[in-house]
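Peer 1: Shown below is the structure under consideration.
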Amino acid sequence: MGGLIGYSTGGITFCYATTGAINGTLYVGGLVGAALETVSNCYATGTVGGTWDVGGLIGLGYGAYAATGCYATGAVSNSGPNTGGLIGETGNGYGATNCYAKGQ
(Lines give C-alpha, C1' and ligand atoms only; values in the text may rest on other atoms or scores of the structure.)
Protein backbone atom coordinates (compact mmCIF):
# COMPACT_ATOMS: atom_id res chain seq x y z
CA MET A 1 0.00 0.00 0.00
CA GLY A 2 1.40 3.37 -0.98
CA GLY A 3 0.32 6.99 -0.90
CA LEU A 4 0.50 7.06 -4.71
CA ILE A 5 1.33 3.54 -5.96
CA GLY A 6 0.79 0.16 -4.33
CA TYR A 7 3.18 -2.03 -6.39
CA SER A 8 5.49 -0.92 -9.19
CA THR A 9 7.61 -2.89 -11.64
CA GLY A 10 8.44 0.22 -13.69
CA GLY A 11 10.46 3.32 -12.88
CA ILE A 12 8.89 6.19 -10.93
CA THR A 13 10.21 9.69 -11.62
CA PHE A 14 9.29 13.22 -10.45
CA CYS A 15 6.32 12.14 -8.35
CA TYR A 16 5.10 13.05 -4.91
CA ALA A 17 2.47 12.09 -2.35
CA THR A 18 1.23 14.50 0.31
CA THR A 19 -1.44 12.32 1.87
CA GLY A 20 -2.35 12.84 5.53
CA ALA A 21 -1.78 9.25 6.69
CA ILE A 22 -1.18 5.83 5.11
CA ASN A 23 -1.82 2.73 7.22
CA GLY A 24 -1.61 -0.89 6.14
CA THR A 25 -0.20 -4.28 6.95
CA LEU A 26 2.55 -5.31 4.51
CA TYR A 27 4.76 -3.18 2.20
CA VAL A 28 3.50 0.23 3.29
CA GLY A 29 5.19 3.36 1.93
CA GLY A 30 4.42 7.07 1.83
CA LEU A 31 4.88 7.02 -1.96
CA VAL A 32 5.00 3.37 -3.04
CA GLY A 33 4.36 0.12 -1.19
CA ALA A 34 6.75 -2.10 -3.18
CA ALA A 35 9.21 -0.76 -5.78
CA LEU A 36 10.94 -3.23 -8.10
CA GLU A 37 12.59 -0.51 -10.20
CA THR A 38 14.26 2.90 -9.75
CA VAL A 39 12.45 5.68 -7.87
CA SER A 40 14.01 9.06 -8.65
CA ASN A 41 13.39 12.68 -7.66
CA CYS A 42 10.30 11.85 -5.62
CA TYR A 43 9.06 12.69 -2.15
CA ALA A 44 6.39 11.84 0.42
CA THR A 45 5.22 13.94 3.37
CA GLY A 46 2.47 11.91 5.04
CA THR A 47 2.50 9.81 8.20
CA VAL A 48 3.03 6.09 7.53
CA GLY A 49 2.09 3.17 9.79
CA GLY A 50 1.89 -0.58 9.39
CA THR A 51 2.97 -4.02 10.51
CA TRP A 52 5.74 -5.22 8.18
CA ASP A 53 8.14 -3.41 5.78
CA VAL A 54 7.08 0.17 6.47
CA GLY A 55 8.97 3.17 5.06
CA GLY A 56 8.43 6.90 4.79
CA LEU A 57 8.91 6.69 1.00
CA ILE A 58 9.05 2.98 0.05
CA GLY A 59 7.87 -0.04 2.01
CA LEU A 60 9.97 -2.60 0.06
CA GLY A 61 12.69 -1.79 -2.47
CA TYR A 62 13.83 -4.86 -4.38
CA GLY A 63 16.22 -5.51 -7.25
CA ALA A 64 19.42 -4.00 -8.60
CA TYR A 65 17.94 -0.49 -8.58
CA ALA A 66 17.85 2.47 -6.20
CA ALA A 67 15.98 5.42 -4.81
CA THR A 68 17.85 8.51 -6.02
CA GLY A 69 17.32 12.16 -5.11
CA CYS A 70 14.30 11.34 -2.93
CA TYR A 71 13.10 12.30 0.53
CA ALA A 72 10.42 11.57 3.11
CA THR A 73 9.36 13.87 5.95
CA GLY A 74 6.49 12.09 7.72
CA ALA A 75 6.57 10.11 10.95
CA VAL A 76 6.87 6.32 10.50
CA SER A 77 5.61 3.67 12.92
CA ASN A 78 5.53 -0.10 12.78
CA SER A 79 4.33 -2.90 15.04
CA GLY A 80 6.53 -5.54 13.38
CA PRO A 81 9.95 -5.84 11.70
CA ASN A 82 11.64 -3.67 9.06
CA THR A 83 10.90 0.01 9.52
CA GLY A 84 12.79 2.90 7.95
CA GLY A 85 12.39 6.64 7.64
CA LEU A 86 13.04 6.29 3.89
CA ILE A 87 12.79 2.55 3.01
CA GLY A 88 11.37 -0.19 5.22
CA GLU A 89 13.30 -3.10 3.68
CA THR A 90 15.70 -3.55 0.77
CA GLY A 91 16.64 -6.74 -1.02
CA ASN A 92 18.71 -8.06 -3.93
CA GLY A 93 20.90 -4.96 -4.15
CA TYR A 94 18.32 -2.16 -3.87
CA GLY A 95 19.98 1.02 -2.58
CA ALA A 96 19.57 4.74 -1.96
CA THR A 97 21.64 7.65 -3.30
CA ASN A 98 21.32 11.36 -2.42
CA CYS A 99 18.20 10.75 -0.32
CA TYR A 100 17.11 11.74 3.16
CA ALA A 101 14.38 11.17 5.71
CA LYS A 102 13.27 13.68 8.30
CA GLY A 103 10.41 12.16 10.28
CA GLN A 104 9.34 12.52 13.87
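Peer 1: Can you find, within segment 78-91, the residue that is farthest from THR38 (Cα to Cα) among those that are part of a loop (DSSP other than H, G, I, E, B) and among the small types (Gly, Ala, Ser)? Steps first, answer last, please.
Peer 2: First pass over segment 78-91, keeping only residues part of a loop (DSSP other than H, G, I, E, B): 79-82, 85-86.
Applying the additional criterion that residues be among the small types (Gly, Ala, Ser) yields 79-80, 85.
Numbers: SER79: 27, GLY80: 26, GLY85: 18 Å.
Checked segment 78-91; the qualifying residue farthest from THR38 (Cα to Cα) is SER79.
Peer 1: Look at segment 30-60 and say how many of its residues are surrounded by 24 or more Cβ atoms within 10 Å (Cβ to Cβ) and in a strand (DSSP E or B).
Peer 2: 13
Peer 1: Let me ask something additional. Please go through segment 15-25 and give me each residue that is buried (at least 17 other Cβ atoms within 10 Å of the Cβ) and under 8 Å from GLY50 (Cα atoms), ordered by number.
Peer 2: Across segment 15-25, the qualifying residue is only GLY24.
Peer 1: Another one. I'd like to check something: does segment 21-28 contain any residue that is in contact with an Asp or Glu (Cβ under 6 Å, 6 or more places away or on another chain), at pLDDT 95 or above and aromatic (Phe, Trp, Tyr)?
Peer 2: Yes, segment 21-28 has at least one match.
Peer 1: OK, next. Please give the number of the condition ALA67 fails out of (1) closer than 20 Å to GLY24 by Cα; (2) surrounded by 20 or more Cβ atoms within 10 Å (Cβ to Cβ).
Peer 2: Against the list (1) closer than 20 Å to GLY24 by Cα; (2) surrounded by 20 or more Cβ atoms within 10 Å (Cβ to Cβ), ALA67 comes up short only on (1).
Peer 1: List pairs: first in segment 13-28 and in contact (Cβ under 8 Å) with a residue 40 or more places away in the chain and closer than 15 Å to ASN82 by Cα, second charged (D, E, K, R) and surrounded by 13 or more Cβ atoms within 10 Å (Cβ to Cβ), Cβ under 9 Å, 6+ apart or cross-chain?
Peer 2: Short answer, once both residue conditions are applied: TYR27/ASP53; TYR27/GLU89; VAL28/ASP53.
Peer 1: Out of segment 61-77, which residues are assigned to a strand (DSSP E or B), over 11 Å from the mean Cα position of the chain (by Cα) and small (Gly, Ala, Ser)?
Peer 2: Scanning segment 61-77 gives ALA66, SER77.
Peer 1: For GLY93, which of the numbered conditions (1) modelled with pLDDT under 95; (2) in contact with a strand residue (DSSP E or B) (Cβ under 7 Å, 6 or more places away or on another chain); (3) at positive phi fails to hold?
Peer 2: Condition (2) is where GLY93 drops out.
The values are calculated or read from the model by the stated rules, or taken from the named source; none is laboratory data. Remember, predicted model here, so these are calculated numbers, not experimental data. Here the Cβ is made from the backbone with ideal geometry for all residues, glycine too, and neighbour counts use every protein chain on show.
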